[in-house]
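What follows draws every value from the coordinates through simple rules; no lab data is involved. What you are looking at is a predicted structure, and each value in this text was computed from that prediction instead of being measured. A quick note on method: Cβ atoms are made from the backbone with ideal geometry, for glycine too, and the neighbour counts reach across all protein chains shown.
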Amino acid sequence: MKVLSFSYCFPSSVNPTWGVFVLQRLAALSRMVDLEVVSPVPVFPLWSRWRSGLPEPVEEMSGLTVRHPRFFYFPGVLKAQDGRFYARGIRRWLAEFCRKWRPDLLDAHFVWPDGVGVGRLAGRLGVPYVITLRGWIYPCLENRSMRRQCTEALRNAAAVISVSTPMAEVARELGVSPDRLHVIPNGVDTEMFRPGDKSSARRQLGLPDDGRLIVSVAHLGPRKGHSQTVRALSALPEDVRLVIVGSDAAAGKGERALRELINGLGLAERVILAGRQPYERVPLYFNAADVSVLASYREGCPNVVLESLAAGVPVVATRVGAVSEMLSTPDEGRIVPPRDADALAGAIGEVLESQWSSEALANADAVKSWNDVAGECHNVFVRVRNGYQGF
């Protein structure tokens, strides 16, 4: 089977940590199908700073050949048109590519802009397409034009893979037939993320060996709820510290706001903002921790929850996205309402005072390898190839 996968959010030489979970699923899938990967790059030629920092047209990554055709767009404005710009920008490139290498199906890893763009192109090619539904669907639903375009793309897809049951329900409400809906959560690299020695991990990271440690791995944008985690820390004993691992995509605004909150609460000695870290170092942060926290206000299928469990570390997370499916029992952590610092503090304190089996956490039902996930996706693709009758 020949599969042509599209992902706007994908690692590259410019941002090697962007969309790592997409790379991992595709790397596993490439062992099951003949796979080509396309990660279109938006460009605005009249804005000089967008001319630099672009990935090469073709890159090799984790054994995959990743192609980066360019498409024109307007940065910061007309965002509801990005799906159209995406389709128009890569149309000729795709037609030429498919004359030499004819895929059996197109695989879009996000509904926006990949799914909308691919949906516009698939009919021209006479090839079925599959969309994976992730957390990006939620902001799309808030814009009338984007919602309409996403709805059309989802309804016309030969299959829709959702990484969580709540998002599958969103697709069903938008008109996707239940027999074309498949819930396949994300996987985790169980070779990278596994239980390790806490003291050794702290030494390697230069973290204090004494006291108890909370780790939160997420970018510094407001929807990740770091402000709630910091407020929760202020209610916990003074031997508890917090390490936040993540970058600030908002020109430093997120970090400045967090530092102001941290200083205002007198927590400067207890909070470490570690910034962006190489992906291969992230397991060390989990291994160094007594508990991990994800206080997000909105999520799809947050991989950090799976990575924490695989590393043998209990999780406290908000009830968003697929979290309830990931933390299916109290033996894996605690779930609290979003935007509730008091509940978050109570749950963290309870986890810190409890005993946990790292082996049991690493073997939680939600922890699946990427090979398992790719196998489930492959089964969907085979059904599409065998049953597709055209538009």
Additional length obtainable on full extension of the chain from Asn379 to Lys100, 0.36 nm per residue less Cα span = 97.9 nm
remark   = For segment 198-362, averaging the sequence separation of alpha carbon pairs under 8 Å that lie six or more residues apart and dividing by its residue count, the contact order in percent is 25
message = Apply the a/c threshold of 1.5 to the C-alpha gyration tensor of segment 198-362 and tell me whether it is rounded, prolate or oblate.
response = rounded
ask   = Using the Cβ atoms and a cut-off under 12 Å, what net charge is assigned to the surroundings of Ser39, where Lys and Arg are +1 and Asp and Glu are -1?
value = -2
remark   = Largest first and rounded to whole Å, the semi-axes √(5λ) derived from the alpha carbon gyration tensor of the chain read 37, 23, 20
note = Charge tally for neighbours of Asn186 with beta carbon under 13 Å away, counting Lys, Arg as +1 and Asp, Glu as -1, is -3
message = If you take every residue apart from Asp342 with its C-beta less than 14 Å away from the C-beta of Asp342, what net charge results, scoring Lys and Arg +1 and Asp and Glu -1?
response = +1
request  = Return the calculated 222 nm mean residue ellipticity for the chain, to the nearest 500 deg cm²/dmol, obtained by summing -39500 (n - 2.57) across DSSP H runs with n ≥ 4 and dividing by the residue count.
outcome  = -11000 deg cm²/dmol
Antiparallel %, DSSP beta bridges [both residues in segment 198-362], to 5 = 0
ask   = Roughly what % antiparallel, to the nearest 5, for the DSSP beta bridges in the chain?
value = 10
inquiry  = Taking the Cα centroid of segment 360-383 and of segment 175-206, what is the distance between the two, rounded to the nearest whole Å?
reply    = 11
key: Gap separating the Cα centres of segment 78-152 and segment 341-355, nearest whole Å   = 43
task = Report the relative contact order of the chain, percent, no decimals, based on alpha-carbon pairs under 8 angstrom and at least 6 residues apart.
result = 16
inquiry  = So, R0 is 35 Å and r is the distance between the beta-carbons of Ser357 and Ala249; what FRET efficiency does that work out to, to 0.05?
reply    = 0.45
message = How would Trp112, Trp356 line up from fewest to most surrounding beta-carbon atoms within 10 angstrom?
response = Trp356, Trp112
